[in-house]
């Protein structure tokens with residue numbers, strides 16, 4: 001199974017969902033498949049789930065998607081019980097497990113040898129956590145969760161390696177910085193939710 | 001000093017400052033404040049397992065229109081330095097950091113932690129105010145929140161045993 005095929009399967013279906021992706025291949029592929037202001041990429045390993053959780057709690061009517069990797073999730077396993085306590089119905093968390101630190105030198109992660117992230121999530125209190133077996137299975141889980149407005153935690157074991165990395169690196173580069181993409185997302189939220197996020201600059205005069 | 005006066009004043013000051021979303025990790029000295037935060041219907045309270053995730057959760061909540069604070073011990077602040085740097089500071093996210101100051105003057109224990117707290121905040125470029133007097137709670141928390149929002153950066157308020165009603 002390839003991550004790109006999974007993302008390709010859902011990209012046309014997510015509407016105006018806000019999407020937080022871990023930096024690296026996931027962000028490059030997702031931005032290529034579904035460009036726009038509703039995407040934010042984070043390079044703080046582990047915080048994709050947390051940023052998405054905060055957004056999901058603040059905007060309970062808005063669909064949130066979190067696209068994470070195994071190396072990143074391994075760095076914030078503490079976040080799983082927190083996610084389990086909240087389980088916002090508008091959040092779909094996805095972890096693409098390729099068994100390597102794909103953006104950081106291709107060394108093995110612990111999932112390549114010992115750890116099962118879905119078992120860890122279940123142990124943390126996320127009974128919904130599930131491995132999918134194909135891009136079609138992935139797509140139907142995402143669609144079901146979006147339609148029924150229920151929390152989902154989806155894992156996909158995907159292939160990677162030098163050839164795969166070379167493939168996504170041939171995709172176009174980001175045209176805005178991370179910081180600009182954060183501001184774009186905040187302005188997009190303001191526009192689509194009818195709220196103010198970015199404070200008015202002071203002073204008043 | 002009464003055990004509840006300071007914590008209830010801190011809670012009132014937070015609400016008056018517009019804070020409506022709080023993440024936290026307990027400390028013995030924060031117990032009363034967290035009890036009040038948890039019971040307050042005007043605040044969304046997300047209890048954490050580690051402080052770093054709280055910075056991410058506050059960042060997301062801010063992007064969704066909330067005014068956020070994290071309540072933690074200074075050891076937890078050290079746990080959250082990468083998130084503060086690469087998420088909060090990097091994305092211009094205001095968060096009020098309400099940090100219990102373990103290892104403060106007059107304390108027994110945690111002196112190593114106490115000694116690095118202010119220098120690390122300074123190293124991160126995070127403005128920091130030490131709260132020692134009940135009569136300064138309101139203005140300090142309100143001012144720190146205004147400063148965080150206006151500067152679009154985290155601002156720290158160090159909560160001492162004196163204001164938490166825990167100084168023996």
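Please treat every number below as a calculation from the coordinates, not as lab data. Quick caveat, the model's predicted, so the values are computed rather than measured. Heads up, the Cβs are rebuilt from the backbone with ideal geometry, glycines too, and the neighbour counts pull from every protein chain shown.
Just one of A:41, A:34, A:3 is more than 9 Å from chain B (Cβ to nearest Cβ) and buried (at least 24 other Cβ atoms within 10 Å of the Cβ); which is it? Show your work before the answer.
Values: A:41 fails: buried (at least 24 other Cβ atoms within 10 Å of the Cβ); A:34 fails: buried (at least 24 other Cβ atoms within 10 Å of the Cβ).
Exactly one residue qualifies, and that residue is A:3.
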Unmet criterion (only one of (1) away from chain B (no Cβ under 14 Å); (2) closer than 23 Å to residue B:58 by Cβ) for residue A:99: (2)
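Inside the stretch B:1-89, counting only helices (runs of 4 or more DSSP H) that do not spill past its ends, which hold 1 or more residues that are out of contact with any helix residue (DSSP H, G or I) (no Cβ under 6 Å at 6 or more places or on another chain), more than 14 Å from chain A (Cβ to nearest Cβ) and in contact (Cβ under 8 Å) with a residue 60 or more places away in the chain? Give the steps one after another, and end with the answer.
On the way: elements: B:5-16, B:31-39, B:51-63, B:74-79.
The qualifying helices (runs of 4 or more DSSP H) are B:5-16, B:74-79.
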The stretch A:164-195, subset free of Cβ contacts under 8 Å to residues at least 24 places away in the same chain and within 7 Å of another protein chain (Cβ to nearest Cβ), residue nearest to residue B:59 (Cα to Cα): A:186
Condition met for residue A:160 (part of a helix (DSSP H, G or I) and either within 10 Å of another protein chain (Cβ to nearest Cβ) or within 20 Å of the chain's Cα centre (by Cα) (or both)): no
Selection within the stretch A:31-65 - free of Cβ contacts under 8 Å to residues at least 60 places away in the same chain, over 17 Å from residue A:181 (Cβ atoms) and assigned to a loop (DSSP other than H, G, I, E, B): A:45, A:46, A:60, A:61
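Is it true that some residue in the stretch A:129-149 is part of a loop (DSSP other than H, G, I, E, B) and in contact with a helix residue (DSSP H, G or I) (Cβ under 7 Å, 6 or more places away or on another chain)?
Yes, there is a match, as at least one residue in the stretch A:129-149 is part of a loop (DSSP other than H, G, I, E, B) and in contact with a helix residue (DSSP H, G or I) (Cβ under 7 Å, 6 or more places away or on another chain).
Restricting attention to the stretch A:72-94, which residues are touching a strand residue (DSSP E or B) at 6+ places or on another chain (Cβ under 8 Å) and either over 16 Å from residue A:119 (Cα atoms) or facing another protein chain (nearest Cβ under 8 Å) (or both)?
A:72, A:82, A:85, A:86, A:88, A:90, A:91, A:92
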